[in-house]
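Working notes, beginning with the structure itself.
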Amino acid sequence: MEAFISKGSADPQTYLEYEVGPNNVTFNAFIYNPSRVRQEGAQMDQAFISDPLGDGFKAVTRLDKLAGTWTTESQIPLALFNGEDSTGSVWRMNFFRTITSAEEFPEQKLCGWRNTGEANFHVTPAFGTIRFV
């Protein structure tokens with residue numbers, strides 16, 4: 001599962017990319033995407049979060065191989081976005097999942113909350129709007 005998170009209502013150039021897999025391995029980085037669409041040949045960079053546990057990230061994943069399912073509970077510290085109280089604030093987010101298996105490889109199924117229409121999750125105009133209450 002991948003989450004792309006940005007504080008504010010604009011199509012972001014910089015956002016957090018957070019991933020967690022069925023084996024509870026995470027990826028945590030801030031992405032710099034000035035084209036906002038991961039345009040071919042355009043600059044794109046990432047700044048890895050070197051101590052996610054020390055910064056307050058948490059992930060607990062349960063894998064049920066018999067049922068063919070997995071669930072994860074994650075915690076992402078809002079302080080990374082200069083905001084500990086998010087009440088009333090608007091954020092831009094999107095959530096994705098890449099599904100593959102030994103039978104399907106190298107083919108993949110790509111799923112998203114707000115579909116980008118292409119095999120590219122880094123399309124910030126497709127991010128949905130979340131309002132914290």
Let me check against my output: what whole-number percent is the relative contact order of the stretch 1-52, with C-alpha pairs under 8 Å and at least 6 apart?
27 percent
At a 10 angstrom cut-off on C-beta neighbours, averaged per residue, how do the peptides 37-46, 17-26 rank from highest to lowest?
17-26, 37-46
What nm value, rounded to one decimal, do you get for the distance between Thr14 and Asp51 when each label is placed 7 Å out toward the C-beta?
2.1 nm
Can you show me the helix-derived [θ] at 222 nm for the chain, built from DSSP H runs with n ≥ 4 at -39,500 (n - 2.57) apiece and divided by the number of residues, rounded to the nearest 500.
-500 deg cm²/dmol
Given charges of +1 on the Cβ of Lys and Arg and -1 on the Cβ of Asp and Glu, with all other atoms neutral, how large is the dipole of the stretch 9-133 about its Cα centre, in debye to the nearest 20?
300 debye
With a 1.4 Å probe and every protein chain left in place, work out the accessible area per residue of the chain in Å², rounded to a whole number.
62 Å²
Applying 1/(1 + (r/R0)^6) with R0 = 25 Å to the Cβ-Cβ distance of Asp85 and Lys58, what FRET efficiency is obtained, to the nearest 0.05?
0.80
Local electrostatic count at Gln46 - Lys and Arg +1, Asp and Glu -1, tallied over other residues with Cβ under 13 Å
-2
For the chain, built as a Gaussian network whose Cα springs stay under 10 Å, the top-fluctuating residue of Trp113, Trp70, Trp91
Trp70
Roughly how far apart, in whole Å, are the Cα centres of the stretch 1-24 and the stretch 39-86?
7 Å
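The values are calculated or read from the model by the stated rules, or taken from the named source; none is laboratory data. All figures in this text were calculated on a predicted structure; none of them were measured in a lab. FYI the Cβ positions are ideal-geometry reconstructions off the backbone, even for glycines, and counts take in every protein chain you see. Just so you know, the surface numbers come from the protein's heavy atoms only, side chains and all, with ligands and any DNA or RNA stripped out. Shrake-Rupley method; radii C 1.70, N 1.55, O 1.52, S 1.80 Å.
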